[in-house]
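One structure is given below, encoded as structure tokens.
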Amino acid sequence: MSRRNIFLDLKIAGRLTLGFLVAALVAALAAGVVGIQRSESLSRQNDFYHTLLQLNTSLTTGRSFLQLMNSKAQQTLEDASAPNPSHETLAGDVAALNNLAALYNQRLNAYAQTGLLDQHPDQLALLNEAGEENLAVQQRTLISSAQRTWQVYQTAQQEFVGYISAFDFRDAQTTFQQQGQPTNSDALSALQALIQLNDRLASAVDDASNVEVRNQLITTLIVTIGAFLAIALVGWFISETLVRRLRHLHRVTRAIEEGQFNERAQVAGRDEIAEVALAVNAMVETIVGLLEETRQQRDALAGAAEHLFSDMRIVNAGDLRVSATVSDDPIGMLANAFNFTVGRFRRLVLRTQTTIEQLEVIARQSLERSTNFISLVRSQLRDVPTSRPTSASPTSARVPSTGPLQSDPHRSALQPSGQEQAETLLQQVQSTRETLLQSTREELNKRLGGARETVEKASRSIGRLSELISTRASASTGGVTERMTQAQLQELATMEQLLHKLAWEVRQTQFNVASDFTKLDAALVGLTRAAGERPEAGRPSDASEGALLAAEMQYQEVLRQAGSFAVEVNALAKRLAAIIQEMRSGIIAFRLEGAAPLSEQEKRERSSAFAEPPTERSFAASSGNLFSTW
Amino acid sequence: MHIDVSGGGSLTGLNDVTSHKVDIGNSDIYADPATYPDPDLTDHLVCIIPFTMIVSSDVPIANLTQEQIIDIFTTGKYTNWSQLQGPDLRIVPIVRPATSGTRATFRRYVLGGRDERSNLVTISSSQDLVKAVANTPGAIGYLAVSVLDPQVHPISIDGYAATLSNIASGHYSFWSYEHMYTLNVTSGSLVDRFLNFMLTPQVQQQATLLHYIPIADLKFAQVSAYFPGATLSVLLYPEKRKRYFYESF
């Protein structure tokens, strides 16, 4: 394993270079092995051929020596057969024969000593390759044969030379013919066989070279395959140090891509891949840190949104004193907008409350005055004789004679003089009308108009607020925030509906009050006109009883109409009171003063208690008691 | 492919192969380059045939010198076995005809090239010669050891019998190579394979059973040492060396 680590410590370029060098070395070795084998084989064959050529030349020369010896012996005999043979010539002939014999002997011995295959193991190996190992035995046999025949011939020649030297020419001739020539031919034949063996040796070397070529082909194939395998092994080893680790790195990055942030790349060695693995690990650490930071921010936002939502629920429950925590994050900005909206809404409700109180005062005054007026009219009617009940309204018949109104100073003031009473009544009616007109025109319209305007403004603020929240909601993601935003939007919608209802009620009230005032005004105008006509009718009635009676009747009629008008005003005031009550009950749930922040528990209690609005009916009960007597 | 074998003598085989009648001509003798000048004529030595002198069973002699043999067959010096410390029996030399390789070898290596006397009894085949020697009192002849018969007595030459060791040591020279002559044999051909087959240990072993000597068995102690020049001459012609060789020459 330590070897492996050493490789991994190398840079990739260095490792590749090493791999290529090893591969090149393997290829060079393979080529070298083949080449050396080939060159050895060629050199061996070359040596063999060279030896064969030398031997062949030597043997061929030897053959010519043998032939020369034969012809020289023949010539010696011719020289000897001359009439007076020259001793010197014969001695020269004998010397030549001996010299030739020595030369031939030398050649043959040289062959036997150095030319034998047995003495050359490399040549023998070559013949073995060709399957011609028999040739070594044959060579030995043939050289023995050549030596044996030479020996016999040499003996015959020595005998011949002996006879010549003794001048025994007859015996010399006999020896030459009987033994010399035949043994010479035997020696030649044996030498010829030895020379021919060289041909067979040469062809055997050819065969051997063919075998060697085949062997070399096989060797080349084996070495090539071996080199290929070795190079492939080197390549595989090099690529294994790269590919497997790259694959591992890829697997790790894929795992991280799929969210498994606890995965880390293994770092082995000190090469580029190890550097990349280290970089990947560092990158993953950074990403994990960033993710943690983002999660913390998200949690903080979710907490802030939860707070805001809680505040909204409190506001929804009617507590407008809440002020949400403001910060510089989106939720904080939302909270700021929320605070602003709640503040404006709170001011609107306060103004509406004030208006309602003023309206209540007006309504109470109107009720009081109309009640007084009714009791005054009723007392006037009670003084009129019962003989003229023709145009008495059904309501007047039902009016019970109750105590509280009978002690009214207006009624007693009306009694002494009808004329004065009418005048006073007329004046009162006119003043009442004016008061009513004034309150209608100036106060009520203004107040109600202001209320409507405020409601519309609040509605617009709520619209903007919900728009803002929607924008924030679309900008940010996350379940909690979205849910919070939805709840806020719901609350705002509810609030907007309430405001709309309030606006409608105010408008309705304005409309009702306006129409009632119009009716009241018309009735008062009619009453005033009737009162103005009465003195004109009264003047002629002074003249006659009938006229007076008619005037009396007319007065009674006016009274009755005034009473019915007062009853209408009374009813109007009661309806106004009822509307005010309704408005008050609409805003009674809001807590406006002492904007102390509430604890979470309180907020929750408030928001849960929102479903049951408080029922305060004291004013309604009192007014009901008041009008139940009518 | 089948092989026809025919006899006729050592020269017959040589003549037939040079005239392309047969593929392989067997012979005991060397082909004279002057008589058979074809350079393609190739000599294959396949084994060694030792020859021996034989006498009829009534001649109780175990050894003769070369000189004595020459005097019996060529000069006619000895005509009665009593001259050679034997019984009083006329010496009857029985010889082979001129075509015989055995006769040629006998003349060359025993008689030293000398002619046999004329008017000697001539027997054409070795088998007949065995019978003739066995049935003729005082008869002497020569043959290959392969046809040696218990009816006749082999005798040593100069004290050496026809054994492998005597041949290898150079003391016994009455032997010959068995030649197989061919023409134009290409390597790997049928004839070539047959010649190689003849040299296989199986065939050589078979030849041993016929009293031939396998070619590989003849290993001279040292090839050069076998050839001391005059040794054989002394061996063959001890008297002549005394008579004709002198230092001054």
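The values are calculated or read from the model by the stated rules, or taken from the named source; none is laboratory data. Model, not experiment: these values are computed from the prediction. Counting neighbours? That spans all protein chains shown, and the Cβs are built from the backbone with ideal geometry, glycine included.
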**Request:** Given the conditions (1) free of Cβ contacts under 8 Å to residues at least 40 places away in the same chain; (2) buried (at least 21 other Cβ atoms within 10 Å of the Cβ), report the number of the one that B:ALA31 does not fulfil.
**Result:** (1)
**Item:** Odd one out for A:LEU53, checked against (1) without any contact (Cβ under 8 Å) to a residue 12 or more places away in the chain; (2) surrounded by 13 or more Cβ atoms within 10 Å (Cβ to Cβ)
**Value:** (2)
**Request:** May I ask you to list the residues in the range A:100-152 that are farther than 26 Å from A:ARG214 by Cβ, without any contact (Cβ under 8 Å) to a residue 24 or more places away in the chain and surrounded by fewer than 21 Cβ atoms within 10 Å (Cβ to Cβ)?
**Result:** A:ALA102, A:GLN106, A:ASN109, A:GLN113, A:THR114, A:ASP118, A:GLN119
**Request:** Test B:GLN68 against the criterion of being within 20 Å of B:TYR160 (Cα to Cα), without any contact (Cβ under 8 Å) to a residue 40 or more places away in the chain and away from chain A (no Cβ under 13 Å), and give yes or no.
**Result:** yes
**Fill in**
Counted residues in the range A:176-190 being more than 7 Å from chain B (Cβ to nearest Cβ) and without any contact (Cβ under 8 Å) to a residue 60 or more places away in the chain come to 1
**Item:** Any chance A:ARG107 is basic (Lys, Arg) and within 10 Å of chain B (Cβ to nearest Cβ)
**Value:** no
**Message:** Just to be sure I understand, how many residues within the range B:196-223 are within 9 Å of chain A (Cβ to nearest Cβ) and either touching a Leu at 6+ places or on another chain (Cβ under 9 Å) or under 17 Å from B:ILE24 (Cβ atoms) (or both)?
**Reply:** 7
**Request:** Test each condition in (1) in contact with a Gly (Cβ under 8 Å, 6 or more places away or on another chain); (2) at positive phi for A:GLY259 and report the one that comes out false.
**Result:** (1)
**Message:** Please go through the range B:173-222 and give me each residue that is modelled with pLDDT of 85 or more, surrounded by fewer than 15 Cβ atoms within 10 Å (Cβ to Cβ) and of a type in the set (Gly, Ala, Ser), ordered by number.
**Reply:** B:SER189
**Among the residues listed as B:VAL55, B:VAL22, the single one being in a strand (DSSP E or B) and more than 14 Å from every other protein chain (Cβ to nearest Cβ)** = B:VAL55
**Message:** Just to be sure before I move on: is A:GLY32 over 23 Å from B:ASP32 (Cα atoms) and surrounded by fewer than 17 Cβ atoms within 10 Å (Cβ to Cβ) in the structure I sent?
**Reply:** yes
**Asked** Being within 18 Å of A:THR175 (Cα to Cα) and exposed (fewer than 15 other Cβ atoms within 10 Å of the Cβ), is that true of even one residue in the range A:76-90?
**Response** yes
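Here is a yes/no grid of residues against (1) touching a Phe, Trp or Tyr at 6+ places or on another chain (Cβ under 9 Å); (2) more than 20 Å from B:SER176 (Cβ to Cβ); (3) not polar (S, T, N, Q):
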residue: B:ILE24; (1), (2), (3): yes, no, yes
residue: B:SER27; (1), (2), (3): yes, no, no
residue: B:HIS44; (1), (2), (3): yes, no, yes
residue: B:ILE54; (1), (2), (3): yes, no, yes
residue: B:TYR78; (1), (2), (3): no, yes, yes
residue: B:PRO87; (1), (2), (3): yes, yes, yes
**Fill in**
Contact list, first residue from the range B:1-22 and modelled with pLDDT of 75 or more, second anywhere and charged (D, E, K, R), beta-carbon distance below 7 Å, six or more apart or interchain, is B:THR18/B:ASP38; B:VAL22/B:ASP16
**Asked** Residue check: is A:LEU367 in contact with a helix residue (DSSP H, G or I) (Cβ under 7 Å, 6 or more places away or on another chain), closer than 23 Å to A:ALA566 by Cα and either at pLDDT 50 or above or not in a helix (DSSP H, G or I) (or both)?
**Response** yes
**Residue count for the range A:201-218, restricted to those that are facing chain B (nearest Cβ under 8 Å) and touching a residue at least 60 places away in the same chain (Cβ under 8 Å)** = 2
**Request:** State yes or no: is A:ALA193 under 18 Å from B:ILE29 (Cβ atoms), facing chain B (nearest Cβ under 7 Å) and crowded, with 24+ Cβ neighbours inside 10 Å?
**Result:** yes
**Request:** Inspect all residues belonging to the range B:40-50 and state whether any of them is surrounded by 14 or more Cβ atoms within 10 Å (Cβ to Cβ), closer than 22 Å to A:LEU135 by Cβ and more than 18 Å from the chain's Cα centre (by Cα).
**Result:** yes
**Request:** Determine whether the range A:507-522 contains at least one residue that is within 60 Å of the chain's Cα centre (by Cα), of a type outside the set (A, V, I, L, M, F, W, C) and either surrounded by fewer than 18 Cβ atoms within 10 Å (Cβ to Cβ) or at pLDDT 75 or above (or both).
**Result:** yes
**Message:** Can you find, within the range A:35-55, the residue that is nearest to the chain's Cα centre (by Cα) among those that are farther than 15 Å from A:ALA125 by Cα and either of a type outside the set (Val, Ile, Thr) or not in a helix (DSSP H, G or I) (or both)?
**Reply:** A:GLY35
**Asked** Has the range A:135-153 got at least one residue that is within 9 Å of another protein chain (Cβ to nearest Cβ) and over 24 Å from B:SER27 (Cβ atoms)?
**Response** no
**Message:** Going by what's in this entry, would B:PRO93 be described as away from chain A (no Cβ under 14 Å), surrounded by fewer than 13 Cβ atoms within 10 Å (Cβ to Cβ), in contact with a Lys or Arg (Cβ under 9 Å, 6 or more places away or on another chain) and not hydroxyl-bearing (Ser, Thr, Tyr)?
**Reply:** no
**Prompt:** Counting just the residues of the range A:157-173 that are of a type in the set (Phe, Trp, Tyr) and more than 9 Å from every other protein chain (Cβ to nearest Cβ), which one comes out surrounded by the most Cβ atoms within 10 Å (Cβ to Cβ)?
**Reply:** A:PHE160
**Matching residues in the range A:81-110 - criterion: being outside any helix (DSSP H, G or I) and not hydrophobic (A, V, I, L, M, F, W, C)** = A:SER81, A:PRO83, A:ASN84, A:PRO85, A:SER86
**Message:** Show me the strands (runs of 3 or more DSSP E) found entirely inside the range B:107-185 where at least 1 residues are within 14 Å of chain A (Cβ to nearest Cβ) and within 25 Å of B:MET198 (Cα to Cα).
**Reply:** B:175-183
**Of residues in the range B:97-106 being more than 14 Å from every other protein chain (Cβ to nearest Cβ) and touching a strand residue (DSSP E or B) at 6+ places or on another chain (Cβ under 7 Å), the one farthest from B:GLN68 (Cα to Cα)** = B:PRO97
**Item:** Filtered residues of the range A:554-590 (kept if free of Cβ contacts under 8 Å to residues at least 60 places away in the same chain, closer than 30 Å to A:ARG321 by Cβ and among the small types (Gly, Ala, Ser))
**Value:** A:ALA578, A:SER585
**Prompt:** Is it fair to say A:ASN198 is more than 7 Å from chain B (Cβ to nearest Cβ), polar (S, T, N, Q) and surrounded by 23 or more Cβ atoms within 10 Å (Cβ to Cβ)?
**Reply:** no
**Message:** Looking only at residues that are buried (at least 22 other Cβ atoms within 10 Å of the Cβ) and of a type outside the set (A, V, I, L, M) in the range A:319-340, which one is modelled with the lowest pLDDT?
**Reply:** A:ASP319
